[in-house]
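Here is the structure we will look at.
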Amino acid sequence: MTTSTALLIADLVGVAVFAASGASAAVAKRLDLFGVVFVGFVAALGGGIFRDLVVDEVPPLAFADWRYATAAALTAAAVFWLHPQLARLRTTVLVLDAAGLALFTVTGTLKALDAHVPPFGACVIGMLSGIGGGLGRDLLTGEIPVVLRREIYAVAAFAGAVMVAVLHGAGQVGPLPLAVAAVLIFALRLVALRRRWAVPVATLRPPRTGDPGAGPRW
């Protein structure tokens, strides 16, 4: 299997899992069929559209290749009709989101590197490709985006992107090394959820009288 074929398959699988993630979140919010498909479409293709625009691939694959939009719409519609069989939607959303994050981060980073973006910039593009779909899903369903909370989300994506860049620099760009990087992101995200790992947040204390400098502390 060539790298381009592996990249296409990973891209389409990422589209499908993010569409399922978005559709599951929309079903949990009791949206209608159009709303479920629309949220699934945005969740599936938002990160890829950003990636393609940044690396100057116009029009983005989401619009140029019918397989992307079709995979997103069909997957979201399937989740709408089959949601009674999907137990514990929240858990389903989290697992699918972790899988989509992993796949889109890997493909986004690799695509940026192939477009001759320097490694650090490629890692940032890969991370934003991974978190873009979840960001759109959360905004459309009225949730605070996961990436803005304490959870290990963008950090997991960036760690995987760095691994892809290192493997690419070492000439290891076959399906197996890329799959290992994707598994790293997926596992790190799920373990962080399981163990409740979080990044620090500012703790606010009420200002005392006559203490104008009181404010956030770490």
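Ordering ILE9, ILE125 by how much accessible area each has at a 1.4 Å probe, largest first, what is the list?
So, going from the largest accessible area down, we get ILE9, ILE125.
When you count, for each residue, the other Cβ atoms within 10 Å and take the mean per peptide, how do 135-145, 56-66 rank with the highest first?
135-145, 56-66
For the chain, what value does the Rg/Rh ratio take when both radii are computed over Cα atoms and Rh is the Kirkwood radius, given to two decimals?
Over the Cα atoms of the chain, Rg/Rh equals 1.04.
Could you provide, to the nearest whole Å², the per residue accessible area of the chain with probe 1.4 Å?
Here the per-residue accessible area is 52 Å².
The values are calculated or read from the model by the stated rules, or taken from the named source; none is laboratory data. This structure is a prediction, so every number in the text was calculated from the model and none was measured. Backbone-built Cβ (ideal geometry, glycine too); neighbour counts: all protein chains shown. We work out accessible area using only protein heavy atoms, side chains counted, and drop any ligands, DNA or RNA first. Shrake-Rupley method; radii C 1.70, N 1.55, O 1.52, S 1.80 Å.
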